[in-house]
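Q: Following this message is one structure expressed as structure tokens.
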Ligand SMILES: Nc1nc2c(ncn2[C@@H]2O[C@H](COP(=O)(O)OP(=O)(O)O)[C@@H](O)[C@H]2O)c(=O)[nH]1
Ligand SMILES: [Mg+2]
């Protein structure tokens, strides 16, 4: 009987270095684990996250944060009152939950604005069976308006004045030109901007393809989802390095938690400290 040999990836930690170590409570990290940073060079850390060598070379230097800042545009999420923003990406990537996190945040802002800003409008453009009910249930209790707009809608037909408008798109496979064209048509009909939602833990080469395809179809920004669900986050870094502005990171499956504007310092720490 042959014995089982574990598959060795090209991104193991270097021989002699300890594996990820649990941080103790004194560090206030609630069971997070840290890569052995003292024993690792910056290229070792980036390689562990499965970042391609060419990008590692471009990011190498004095610190992880400096390398990230050099290669990635960190920007606020480009939402404007009255201009619809569509969230696109693969099925299950976190589009609807991310949209709900944004909607909940802007609903709070609208409440606090004393009427200056109106409550957000969510356009449900995903006609996949069950998806409207799922979206409505995620948004239940949020002070928002939800409207079915399968196939997209001309903004003349919506009451868009002084409010945030978010568009929930169907999931797609970026290798399907038909699906990408359909998405572009919905976005164009709605006169929306387009942003990509992409999860951590993907194959970085696939995430590069996804980011490049979305850029080609007009996306300028991205949101990183499921940041607390995987150790390796190379997919986020490679996608952003394609030229999409990196905006929020989502760290929780709950609508009111774990949603942070990413910065070089936050992302550098996340490269070193893995969710426990
Ligand atoms: N823990 C966690 N779960 C997430 C996150 N983003 C999305 N999810 C979960 O992933 C699943 C798919 O998300 P959903 O928004 O429905 O994906 P969509 O198909 O792209 O709309 C749901 O169970 C979400 O609760 C995240 O950042 N953290
Ligand atoms: Mg969805």
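The values are calculated or read from the model by the stated rules, or taken from the named source; none is laboratory data. Nothing here was measured: the structure is a model prediction, and the numbers come from that model. Glycine gets a Cβ as well: all are built from the backbone with ideal geometry, and neighbour counts include every protein chain shown.
Q: Taking region 58-72 as the search range and keeping residues that are closer than 11 Å to residue 264 by Cβ and part of a loop (DSSP other than H, G, I, E, B), which one is nearest to the chain's Cα centre (by Cα)?
A: 72
Q: Next question, about the same structure. From the set of residues in region 230-251 that are under 20 Å from residue 95 (Cβ atoms) and either surrounded by fewer than 23 Cβ atoms within 10 Å (Cβ to Cβ) or out of contact with any helix residue (DSSP H, G or I) (no Cβ under 8 Å at 6 or more places or on another chain) (or both), which is modelled with the lowest pLDDT?
A: 230
Q: Could you check how many residues of region 29-57 are in a helix (DSSP H, G or I) and in contact (Cβ under 8 Å) with a residue 60 or more places away in the chain?
A: Going through region 29-57 one residue at a time, the tally reaches 5.
Q: Go through (1) touching a strand residue (DSSP E or B) at 6+ places or on another chain (Cβ under 7 Å); (2) within 14 Å of ligand 1 (Cβ to nearest atom); (3) under 30 Å from residue 149 (Cα atoms); (4) touching a residue at least 60 places away in the same chain (Cβ under 8 Å) and name the single condition residue 262 misses.
A: (3)
Q: Keeping to region 66-103, report how many residues are closer than 22 Å to residue 229 by Cα and out of contact with any strand residue (DSSP E or B) (no Cβ under 9 Å at 6 or more places or on another chain).
A: Within region 66-103, residues that are closer than 22 Å to residue 229 by Cα and out of contact with any strand residue (DSSP E or B) (no Cβ under 9 Å at 6 or more places or on another chain) number 1.
Q: Only residues that are over 11 Å from residue 169 (Cβ atoms), part of a loop (DSSP other than H, G, I, E, B) and either touching a helix residue (DSSP H, G or I) at 6+ places or on another chain (Cβ under 8 Å) or within 15 Å of ligand 2 (Cβ to nearest atom) (or both): list them for region 91-123, please.
A: 92, 94, 117
Q: Which number in (1) surrounded by 14 or more Cβ atoms within 10 Å (Cβ to Cβ); (2) closer than 17 Å to residue 246 by Cβ marks the one condition that residue 76 misses?
A: (1)
Q: Quick check, is residue 268 under 30 Å from residue 153 (Cβ atoms) and either touching a helix residue (DSSP H, G or I) at 6+ places or on another chain (Cβ under 7 Å) or away from ligand 2 (no atom under 16 Å from the Cβ) (or both)?
A: Criteria not met by residue 268.
Q: List the residue pairs whose Cβ atoms are under 6 Å apart, where the first residue sits in region 75-103 and is in contact (Cβ under 8 Å) with a residue 60 or more places away in the chain, the second is exposed (fewer than 14 other Cβ atoms within 10 Å of the Cβ), and the two are 6 or more positions apart or on different chains.
A: As it stands, the answer is 81/162, since those pairs meet every condition given.
Q: In addition: Show the residue pairs meeting these rules: Cβ distance below 7 Å; 6+ apart or different chains; first residue within region 165-180 and modelled with pLDDT under 95; second residue within 13 Å of ligand 1 (Cβ to nearest atom) and part of a loop (DSSP other than H, G, I, E, B).
A: Hits for this filter: zero, empty list.
Q: Under 7 Å between Cβ atoms, at least 6 apart or on separate chains: pull out the pairs that start in region 123-150 with a residue that is free of Cβ contacts under 8 Å to residues at least 24 places away in the same chain and end on any residue that is outside any helix (DSSP H, G or I).
A: Here the result reads 132/124; 132/148; 136/146, each pair linking region 123-150 to a residue that is outside any helix (DSSP H, G or I).
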